[in-house]
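The structure appears below as structure tokens.
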Amino acid sequence: MSTNTTTRSDTDRPWISNDNKRSFSRLRTTNRRRNLPYLLLGVLLVLVCVGGFVLISLNSGDRRPVLALARDVSVGQVLTAQDLRQVNVAVDPGVAVVGADQAATVVGRPLATSLSTGALLTPNSVGGAAVPTSGQAVAALALKPGQFPHEVAAGARVSMVFVPGQAGTATSPPADGGTAWTAVVTSVTTSPNEQTTVISVQLAEATARQVAAVPAGQLSIVMLSAGGR
């Protein structure tokens, strides 16, 4: 029995010229060069992500529970537990705040200044009234609906305008002069029947006396912008 053996000649093998070899080599080098910027970009993105994570972790570690107001509170009002809420904030070492564990030291004490919802409580926020400041006085105005904007709140700048009264009442401004006075609202209190709203304003002492001398019902309030006149 005979066996057929097939021998593959060298001419059947793939043949690559030297020029093709050089072309393949250049192609591989070009591909490596093109991939290099993407590799560097990937490394940079990883470093940025790691740095951001470390920064967030450090900032989160500085947060601590402090007290803030859960609702608007006017100057002189006695703080209750319902007026306060706990918030976690990052506070610089030089900023004075009241820790959440110190609530017992402020509950039952009057507020030294009017504060809005969300304001952080500080040690100086409670105690004796911080208003009026030196040379200033606080005057109270009993106003009816239509004599002031509903947007008026503590901290607003307003102008109090003299309005001539009806027959039998004063029809001219006070003798010491003035038909409009600028002030800052310190508190707004509405009576239970909602017929009269008492708005307290801070202004210069001499001007406060003029405003207090105006008969009830003869002042209207105009709300000004923060830098208004």
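The values are calculated or read from the model by the stated rules, or taken from the named source; none is laboratory data. Predicted, not measured: the structure shown is a model, and the values here were computed from it. All Cβ positions, glycine included, derive from the backbone under ideal geometry; neighbour counts span all protein chains shown. To get the accessible areas, we keep the full protein, side chains included, count just its heavy atoms, and leave off ligands, DNA and RNA. Shrake-Rupley method; radii C 1.70, N 1.55, O 1.52, S 1.80 Å.
Structural remarks
- Rolled with a 1.4 Å probe across the full set of protein chains, the surface gives S159 an accessible area near 20 Å².
- Accessible surface of the stretch 58-151 [probe 1.4 Å, protein heavy atoms]: carbon and sulfur percent: 51
- Annotation: for a label point projected 7 angstrom from Cα along Cα→Cβ of A180, residues of the stretch 200-219 with backbone N closer than 19 Å are 201-204, 207-208, 210-212, 214, 218-219.
- Ranking R71, R157 by solvent-accessible area of protein heavy atoms (1.4 Å probe, all protein chains present), from largest to smallest, gives R71, R157.
- A simple rule links phi to the HN-Hα coupling: the Karplus curve 6.51 cos²θ - 1.76 cosθ + 1.60 with θ = phi - 60°, which for the stretch 215-220 gives x, 4, x, 10, 10, 10 Hz, with x for Gly and Pro.
- Cα-based shape type of the stretch 85-150, given that a ≥ b ≥ c are square roots of the gyration tensor eigenvalues and the cut on a/c is 1.5: prolate
- In plain terms, the chain from R63 to L47 could stretch by 3.2 nm, reckoned as 0.36 nm per residue minus the Cα-Cα distance.
- Extension gain from N88 to V161, taking 0.36 nm per residue of separation minus the Cα-Cα distance: 21.9 nm
- 5 angstrom amide H check on T182, placed H, neighbours 5+ away: M160
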